[in-house]
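The values are calculated or read from the model by the stated rules, or taken from the named source; none is laboratory data. It should be emphasised that the depicted structure is a prediction, and the values quoted were computed from it without experimental measurement. All Cβ positions, glycine included, derive from the backbone under ideal geometry; neighbour counts span all protein chains shown. These area figures cover heavy atoms from the full protein model, side chains too; ligands, DNA and RNA do not enter into them. Shrake-Rupley method; radii C 1.70, N 1.55, O 1.52, S 1.80 Å.
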Amino acid sequence: AVSVARHIFLANCLATMHGPLAPFPVLSPYSHGLAAALSEHVTAMVQLEVAAILDHCLLSPILRLIAQVNQASQQQQQQQQEAEKAGESPPQLPPLALLPEASPSAVAESLQRLFALLAGAEGRLPEFEALGVAKLRAQATGLVAGALADAYAAVYEAVCDERNQYPDAGGLLRHTPEHMRTILGI
């Protein structure tokens, strides 16, 4: 597996080469190529960090399940339309809250871990101090925060969706997605 440190090292190397070439139009093909490679490494580094945070908070399996249920729900809507035309009853999906991986207690534990991480009990979001360019550090940190906000919004929407039958959405969700974005500084 490729580590975050490797991506940081390569991003620093590419940024060091890109900086002196960028001002010269005659070198723009090289400069653009370096910028694209740099962007790829920053994206990969962010994806690795986000995956590590979501795994640590036990949100990864919940988010996978939400995505699967959303996809199945879209397919079910198509099947429902076809079944109604044929006069049949379509198959029903089980509510998300009844699945062990996304039970109210599993969601509560995951969100508690996420907020503990954000509150500093176990650390904080990665700041990518080893990145040599401040603009890249800010970009990478912002991308991590954005991905975490999107993950929280997906959980929030799933818990608030009545079809998923979460008994006490207000007890599970103490913050709106907008509030989460504020907490994350975006």
Response to the item:
Per segment 95-168, sqrt(5λ) over the Cα gyration tensor eigenvalues, sorted largest first, in Å, gives 32, 14, 8
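In a shell of Cβ-Cβ distance under 11 Å around residue 73, excluding residue 73 itself, what net charge do Lys and Arg (+1) and Asp and Glu (-1) give?
Result for the local shell: 0.
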Worksheet item: How many nm is it between the label spots at residue 108 and residue 35, if each spot is 7 Å from the Cα in line with the beta carbon?
Response: 5.0
Worksheet entry | Packing-based order for 29-40, 106-117, using average beta carbon neighbours within 10 Å, highest first | 106-117, 29-40
Worksheet, complete the sentence: If unit charges are put on Cβ atoms (+1 for Lys and Arg, -1 for Asp and Glu) and the dipole of the chain is taken about its Cα centre, the option from 79, 130, 53 lying farthest towards the positive end turns out to be 130
Worksheet, complete the sentence: So the carbon and sulfur contribution to the accessible area of the chain, 1.4 Å probe, in percent, is 56
Worksheet entry | Cα-based equivalent ellipsoid, segment 1-85: semi-axes from gyration tensor eigenvalues, Å | 42, 21, 7
Worksheet item: Quick one: accessible area per residue over segment 1-150, 1.4 Å probe, rounded to a whole number of Å²?
Response: 59
Worksheet, complete the sentence: For the chain, the Cα-Cα pair-distance distribution in 10 Å bins from 0, as whole percents, is 9, 28, 25, 19, 13, 6, 1
Worksheet item: Using θ = phi - 60° and the Karplus curve 6.51 cos²θ - 1.76 cosθ + 1.60, what whole-Hz ³J(HN,Hα) does each residue of segment 20-29 get, with Gly and Pro shown as x?
Response: x, 7, 4, x, 9, x, 5, 9, 4, x
